[in-house]
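Asker: Have a look at this one before I ask anything.
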Amino acid sequence: MRSYPKSLARLIEELEKLPGIGPKSAQRLALHLLHTSQEEAETLAEAIRQVKQHIHTCSVCFNYTDADQCAVCSDPNRDDGILCVVGDPRDLMAMERAGRFHGRYHVLQGLISPMDGVGPESLRISELLKRIRGSSTEEVVLATNPTVEGDATAMYLAGLLKPLGVKVTRIALGLPVGGDLDYADDVTIARALDGRTDM
Ligand SMILES: [Zn+2]
């Protein structure tokens with residue numbers, strides 16, 4: 001990197017911090033950006049700035065939104081009787097892409113992972129319980145990833161939710177074990193939802 005001018009070396013360094021980007025890819029992207037027009041480069045910089053300024057979490061379900069409530073929460077045509085719990089907004093997007101689920105969501109913003117120091121108190125669990133108490137929710141579908149962390153989180157939530165008198169189900173493990181919901185295709189997600197079982 002010593003051979004690059006300072007500002008170019010800095011861009012490479014910043015790109016390398018992105019997930020899935022190694023030193024080689026960072027160099028390739030930086031050189032690509034160097035060759036794009038001033039306008040294109042500014043558009044990218046502006047898009048990053050806009051996202052940081054305007055995107056926050058939904059006040060109800062903790063999905064991403066640029067309004068007070070996200071598109072799902074503010075949709076009057078969704079079924080209030082069924083609520084799907086996911087780990088992060090990418091999982092919600094995956095469920096929406098599959099197009100089979102028409103209820104509401106709750107995004108935990110993570111999964112229980114003692115190895116990474118993530119306990120239940122770091123997640124949006126108290127908000128979930130508060131939402132369900134006194135609501136018309138009849139069923140909670142636990143759609144956390146089929147991983148050790150996802151299963152542990154589902155087990156923990158089932159223990160808290162069942163005493164509230166709601167039906168608690170877990171999506172079927174037709175999903176590849178250890179995989180992310182985000183990587184599953186739409187048919188697999190639809191099948192996992194259809195085949196959900198009682199917990
Ligand atoms: Zn929402």
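The values are calculated or read from the model by the stated rules, or taken from the named source; none is laboratory data. The shown structure was predicted, so the numbers you read here are calculated from the model rather than taken from an experiment. Here the Cβ positions follow ideal geometry from the backbone for every residue, glycine too, while neighbour counts run over all protein chains shown. To get the accessible areas, we keep the full protein, side chains included, count just its heavy atoms, and leave off ligands, DNA and RNA. Shrake-Rupley method; radii C 1.70, N 1.55, O 1.52, S 1.80 Å.
Asker: Give the number of residues within the range 133-151 that are open to solvent by 10 Å² or more (accessible area, probe 1.4 Å) and modelled with pLDDT under 95.
Answerer: Just the residues of the range 133-151 that are open to solvent by 10 Å² or more (accessible area, probe 1.4 Å), to begin with: 133-139, 145, 147-149, 151.
Within this subset, residues satisfying the condition of being modelled with pLDDT under 95 are 133-136, 145, 147-149, 151.
Within the range 133-151, residues that are open to solvent by 10 Å² or more (accessible area, probe 1.4 Å) and modelled with pLDDT under 95 number 9.
Asker: Working carefully through the options D182, D186, find the one that is open to solvent by 40 Å² or more (accessible area, probe 1.4 Å) and more than 12 Å from H106 (Cβ to Cβ). Before the answer, list the steps.
Answerer: Numbers: D182 fails: open to solvent by 40 Å² or more (accessible area, probe 1.4 Å).
Being open to solvent by 40 Å² or more (accessible area, probe 1.4 Å) and more than 12 Å from H106 (Cβ to Cβ) holds for just one of D182, D186, which is D186.
Asker: Here's another thing I want to ask about it. Tell me whether the range 41-56 contains one or more residues that are modelled with pLDDT of 95 or more and either under 30 Å from T169 (Cβ atoms) or within 15 Å of the ligand (Cβ to nearest atom) (or both).
Answerer: Taking every residue of the range 41-56 in turn, at least one turns out to be modelled with pLDDT of 95 or more and either under 30 Å from T169 (Cβ atoms) or within 15 Å of the ligand (Cβ to nearest atom) (or both).
Asker: So for the range 66-81 (the condition being open to solvent by less than 50 Å² (accessible area, probe 1.4 Å), modelled with pLDDT under 95 and in contact with a Gly (Cβ under 8 Å, 6 or more places away or on another chain)), does at least one residue qualify?
Answerer: no
Asker: For the range 82-103, which positions are farther than 16 Å from R196 by Cα and either without any contact (Cβ under 8 Å) to a residue 60 or more places away in the chain or in contact with a Lys or Arg (Cβ under 9 Å, 6 or more places away or on another chain) (or both)?
Answerer: Matches in the range 82-103: D88, P89, L92, E96.
Asker: While we're here: When you go through (1) in a helix (DSSP H, G or I); (2) touching a residue at least 60 places away in the same chain (Cβ under 8 Å); (3) hydrophobic (A, V, I, L, M, F, W, C) one by one for A26, which number turns out not to apply?
Answerer: All conditions pass for A26, except number (2).
Asker: Continuing with the same structure: Considering only the range 38-80, state which residues are under 27 Å from G110 (Cα atoms) and aliphatic (A, V, I, L, M).
Answerer: A47, I48, V51, I55, V60, A67, A71, V72
Asker: Of all residues in the range 52-65, which are polar (S, T, N, Q) and surrounded by fewer than 12 Cβ atoms within 10 Å (Cβ to Cβ)? Can you show your working first?
Answerer: Restricting attention to the range 52-65, the residues satisfying the condition of being polar (S, T, N, Q) are 53, 57, 59, 63, 65.
Listed by number, the list holds a single entry, Q53.
Asker: Continuing with the same structure: Go through the residues of the range 41-51 one by one and say whether even a single one is more than 22 Å from the chain's Cα centre (by Cα) and either surrounded by 13 or more Cβ atoms within 10 Å (Cβ to Cβ) or hydroxyl-bearing (S, T, Y) (or both).
Answerer: The initial filter retains those residues of the range 41-51 that are more than 22 Å from the chain's Cα centre (by Cα), namely 41-46.
Subset that is either surrounded by 13 or more Cβ atoms within 10 Å (Cβ to Cβ) or hydroxyl-bearing (S, T, Y) (or both): 41, 43.
Taking every residue of the range 41-51 in turn, at least one turns out to be more than 22 Å from the chain's Cα centre (by Cα) and either surrounded by 13 or more Cβ atoms within 10 Å (Cβ to Cβ) or hydroxyl-bearing (S, T, Y) (or both).
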